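*Asks:* Before we start, here is the structure in question, set down as structure tokens.
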Amino acid sequence: ASPSAALASPSAALELTRLPRTLAAETLQLAAASPDAGLIARWLGFLVGAGSLLLYTPIAARVYRQRSANGLTLSTWWLKLLSYTCSDAYSFRNGYPLSTYIETLIITVEACGVLLLVAHFQRRLDAAFAGLALSYLAAATWALSAAPPEAIALGQSAATALNTCALLPQIAQNAARRSPGGFSPVTAGLACAGCAIRLFTTVELAGSDPLLLAGFAAGLAVNAALLSQIVYYGAVVEGRPLLLVLAADFVAPAEKVPTSPSERALMRASELEALEEASSEADLPSHKRSPGR
């Protein structure tokens, strides 16, 4: 059939009119699929990086304000520092875009700061701490510069386990004390959001790296468990308003009111002892009273 005969066919003419629209639709779909998803992933990556500036700030501020780190475990921060350093080395040595791990770099520094604060207020800046610190610096230098790819991959696998296990001492301490502890609910919430976003950016920008996906999924699970624990022990067990539990980093802790009979009896005995001491001091001549009274 001649070209003119083909054009004279109604069905052929209809197909020719549909063809440009079909090609245009497919072109738009291709243009809107991966480039935009990659761009969104990059911006989300930098957003997580900016948010990571506040990740451990609430914990550091609370410890410094209260001059106490009794609600935190030192081992948690050693494990966190090791975990983040392994992830930094893995992403750096694999040449991944900075936007895929910028928040890990930031929170590595923050975790180191909180580690020093906890060690200081728990009076554990001793020779053992110095030995661990020197070992950490030597291992980090080797991982960033001379470690073979197999060791780097093994380190990332270890980072997943370390990051998952890092919060377990904190969770165990909270459970033993039936208390929300000293870990920040803001930090746990930001960590949950950051891990969820990182699952998306890893798929889009890091080729769905299985080691990174496993790490972020495990981080999401353990931080969600800790956040649930903080809310439960603070709001249900201690009976505090939920808003005060979530704002514990910025509100001074209220004095605990005794609830059990033993606690009330102990408080009453302390009050009677104080009254007896005050009355005995009042009966003494002025030159025999304790100084300052």
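The values are calculated or read from the model by the stated rules, or taken from the named source; none is laboratory data. Just so it is clear, the structure is predicted and the values come from calculations on it, not from any experiment. Cβ: placed from backbone, ideal geometry, glycine included. Neighbour counts: every protein chain shown. For accessibility, only protein heavy atoms count, side chains too; no ligands or nucleic acids. Shrake-Rupley method; radii C 1.70, N 1.55, O 1.52, S 1.80 Å.
*Asks:* Take Ser135 and decide whether it is hydroxyl-bearing (Ser, Thr, Tyr), surrounded by fewer than 19 Cβ atoms within 10 Å (Cβ to Cβ) and outside any loop (DSSP other than H, G, I, E, B).
*Replies:* Numbers: hydroxyl-bearing (Ser, Thr, Tyr): yes; surrounded by fewer than 19 Cβ atoms within 10 Å (Cβ to Cβ): yes; outside any loop (DSSP other than H, G, I, E, B): yes.
So Ser135 fits the description; yes.
*Asks:* Moving to a separate point now. Which ranges mark the helices (runs of 4 or more DSSP H) fully within segment 181-253 that have 2 or more residues being open to solvent by 60 Å² or more (accessible area, probe 1.4 Å), of a type in the set (A, V, I, L, M, F, W, C) and within 25 Å of Ser87 (Cβ to Cβ)? Write out each step before concluding.
*Replies:* Numbers: elements: 185-205, 210-231, 242-246.
Once the helices (runs of 4 or more DSSP H) in segment 181-253 are filtered for at least 2 residues that are open to solvent by 60 Å² or more (accessible area, probe 1.4 Å), of a type in the set (A, V, I, L, M, F, W, C) and within 25 Å of Ser87 (Cβ to Cβ), what remains is 185-205.
This table checks each residue for (1) at pLDDT below 65; (2) surrounded by fewer than 18 Cβ atoms within 10 Å (Cβ to Cβ).
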{"site": "Arg21", "(1), (2)": "yes, yes"}
{"site": "Trp43", "(1), (2)": "no, yes"}
{"site": "Phe46", "(1), (2)": "no, yes"}
{"site": "Ser52", "(1), (2)": "no, no"}
{"site": "Ala69", "(1), (2)": "no, no"}
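*Asks:* Regarding segment 100-107, can at least one residue be identified that is farther than 18 Å from Asn163 by Cβ and open to solvent by 20 Å² or more (accessible area, probe 1.4 Å)? Break it down into steps so the answer makes sense when it comes.
*Replies:* In the first step, residues of segment 100-107 are kept if they are farther than 18 Å from Asn163 by Cβ; the result is none.
Checked segment 100-107: no residue is farther than 18 Å from Asn163 by Cβ and open to solvent by 20 Å² or more (accessible area, probe 1.4 Å).
*Asks:* Residues of segment 138-180 being open to solvent by 40 Å² or more (accessible area, probe 1.4 Å), outside any helix (DSSP H, G or I) and more than 30 Å from Val245 (Cβ to Cβ), which ones?
*Replies:* Result: Ala146, Pro148.
*Asks:* Select, from Gly194, Gly207, the only residue that is within 20 Å of Ile40 (Cα to Cα) and free of Cβ contacts under 8 Å to residues at least 12 places away in the same chain. Steps first, answer last, please.
*Replies:* Working: Gly194 fails: free of Cβ contacts under 8 Å to residues at least 12 places away in the same chain.
After applying the criteria, what remains is Gly207.
*Asks:* While we're looking at this one, here's another question. Among what's in segment 221-262 and is small (Gly, Ala, Ser) and at pLDDT below 60, pick the residue that is nearest to Arg65 (Cα to Cα).
*Replies:* From segment 221-262, those small (Gly, Ala, Ser) are 221, 224-225, 228, 234-235, 239, 247-248, 252, 254, 260, 262; that's our starting set.
Then keep just the ones that are at pLDDT below 60; that gives 254, 260, 262.
Working: Ala254: 15, Ser260: 30, Ser262: 31 Å.
For segment 221-262, the residue satisfying everything is Ala254.
Quick grid of which residues meet (1) in contact (Cβ under 8 Å) with a residue 40 or more places away in the chain; (2) within 30 Å of Pro148 (Cα to Cα); (3) assigned to a helix (DSSP H, G or I):
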site: Arg62; (1), (2), (3): yes, no, yes
site: Gly71; (1), (2), (3): yes, no, no
site: Tyr90; (1), (2), (3): yes, yes, yes
site: Tyr96; (1), (2), (3): yes, yes, no
site: Val114; (1), (2), (3): yes, no, yes
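*Asks:* Let me ask something additional. Quick one: Thr85 ticks every box in (1) crowded, with 21+ Cβ neighbours inside 10 Å; (2) hydroxyl-bearing (Ser, Thr, Tyr); (3) within 23 Å of Ala172 (Cα to Cα) except a single one, so which number is it?
*Replies:* (3)
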